[in-house]
Structure formats: structure tokens, C-alpha cells
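K.L.:
Have a look at this one.
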Amino acid sequence: MPPTFDDLLLRARSLVTGGRRAILGIAGGPGAGKTTLAGHLVRALNADGPPWVAHVPMDGFHLADAELERLGRRGRKGAPDTFDAAGYAALLRRLRETPADGEMVYAPAFERDLEQPVAGSIPVPPSARLVVTEGNYLLLREGSWAGVRPLLDEVWYCEVAEPERVRRLVARHVEFGKEHTAALAWVMGTDQRNAELIATTRDRADLVIPASALPGPGRG
């Protein structure tokens, strides 16, 4: 029987033990609902008192367009080698190692209106005992990505029917400025190659979450 959203809340709560900070990863292909699930989890878990859960997306570690141009990778933006994977792993390690009475940790965000990362945008206070991080490549074993999974207490994999995933992605690209034809071409080209790679990591997840467990339409 697939998990309900209430099941997911209980499981997320159970990750925090012994006063240490836990990190929950949410993986899945582009448009599978990672961001939606992370947002709902954080809001629901923080609803009953002082905030104790933070949301730190992987997307803040996109390389800037200027660097992608220099590397000749702008046309593959979103592929594994267009992120600072080592920097992302270093942030996760710092989040794990910061004590309960430690310092504020700042993480980068990704501004979709600009399509660029913005440093120092997400504050993670010492009171955050659970960090929810989401992104495409949390379960990848190649290169610097291999250092990510050992830093996560659990990784959940969002799964959605392929036609719906494609529909969401096209709508997202149109929303942020692409013409429909260009959006569809990008989704069926660059995004699709990335999605096929991500699908090969599904069996490494601790839990597979169907679309029915998400409270609303998915993004991410």
C-alpha cells in the first residue's frame, strides 16, 4: 500500500533523534514533484510550534550561465556536470556537523525568474533540527555526486506518470519565458536525457513516493 502524506510526516519526524540534526533528501526527475513535496512537508512539520525544519534545495548549486558558457555547457544546463556537486556536498556536511548551539548556516537559492543561483539566500538557524533537501542527482554515484548520499539520513524518490511529468515541465518552461515549441524541444531533449539518467537511481532510494501521496500539483 502506498504511503499517505500523514505517513510521510511521521517518517520525517522519526529521523530526528538524540538532539542531532538530520537531513532528508528528496530525489526524482524534473517535474516529478520534489519541490512540492518538500514545501508541504516543511510547512506541515513547522505548523505546530517554533520552526524546526528548513528547506535547502540542490538547485542553488547550478553553475552560473557565464561559467556554463565558458565551459561550453550552456546548452546542457541541468545536466549533472552543470552543478557544483562538491560544493553541495560540502554544505550538507556543514549542516550535519553544526551543533545545536552553533552558527547560522547560509545556503544558495536558485531564482527561476533569473535562471541563476543567488548566494547566501537561505538561512538555516541552529534551531533547524531537520533539513529537507531536494534535487535530481541525490542518488547519483558518479563523480562528486557520490559524496552526497552518505550525508543524507534517508532519500525518498518522487515518481509520477511520464505524460504528466512532461506536461508539468513544458508548462514550467513556458511560465518562465520560453515559447511553447522551444519549451517542448528542451523538455524532450536536454530534460529527457537527464530524466532517463535519474530514473536509473530509483532503486537506491529508501522510499518511492507516488504522485497520489502529494497534497497538490507537483513541481520540481
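Each value in this text was obtained by applying a stated rule to the coordinates, not by laboratory testing. Because the structure is a prediction, the values reported are computed rather than measured. In this analysis, Cβ positions are derived from the backbone assuming ideal geometry, glycine residues included, and neighbour counts consider all displayed protein chains.
K.L.:
Using modelled backbone amide H atoms (1.01 Å from N, in-plane), which distant-in-sequence or interchain residues come within less than 5 Å of GLU159's amide H?
P.N.:
ILE209, ALA211
K.L.:
Further, regarding this structure: Please list the non-local residues whose amide H lies under 5 Å from the amide H of VAL131, H modeled 1.01 Å from N, same-chain partners needing a gap of 5 or more.
P.N.:
Under 5 Å from the amide H of VAL131 lie the amide H atoms of ALA22, ILE23, LEU24, ALA54, each far enough along the sequence or on another chain.
K.L.:
Subtracting the Cα-Cα distance from 0.36 nm times the residue separation, let me have the gained length for ARG96 to GLU164 in nm, one decimal.
P.N.:
Once the chain is fully extended between ARG96 and GLU164, it gains 21.0 nm.
K.L.:
Moving on. On C-alpha positions alone, give me the angle between the axis of helix 34-45 and the longest principal axis of the chain, in degrees, nearest 10.
P.N.:
20
K.L.:
If you take every DSSP beta bridge fully contained in the range 8-132, what fraction is antiparallel? Give it as a percent rounded to 5.
P.N.:
If I count the DSSP bridges inside the range 8-132, around 55 percent turn out antiparallel.
K.L.:
Take every DSSP beta bridge with both residues inside the chain and express the antiparallel ones as a percent of the total, to the nearest 5.
P.N.:
Of all bridge pairs located within the chain, approximately 30 percent are antiparallel.
K.L.:
Give me the three principal axis extents of the range 58-189 from the C-alpha atoms, as integers in angstrom, largest value leading.
P.N.:
Principal extents (Cα only, largest first): 51, 35, 28 Å.
K.L.:
Any idea what angle helix 162-175 forms with the longest principal axis of the chain, computed on alpha-carbon atoms, 0 to 90 degrees, nearest 10?
P.N.:
80
K.L.:
Can I ask one more? Counting each DSSP H run of 4 or more residues in the chain as -39500 (n - 2.57), what helix-only mean residue ellipticity at 222 nm follows after dividing by all residues, to the nearest 500 deg cm²/dmol?
P.N.:
-9500 deg cm²/dmol
K.L.:
Give me the angle, in degrees from 0 to 90, between the Cα long axis of helix 85-97 and the longest principal axis of the Cα atoms of the chain, rounded to the nearest 10.
P.N.:
Approximately 10 degrees, to the nearest ten.
K.L.:
Taking amide H positions as placed in the peptide plane 1.01 Å from N, state which residues far from ILE122 in sequence (5 or more) or on other chains have amide H under 5 Å from it.
P.N.:
HN-HN under 5 Å from ILE122: ALA107, ALA109.
K.L.:
Let me ask another. With each pseudo-label sitting 7 Å past Cα toward Cβ, what's the ASP7-ARG76 distance in nm, one decimal?
P.N.:
Those two pseudo-labels are separated by 3.8 nm.
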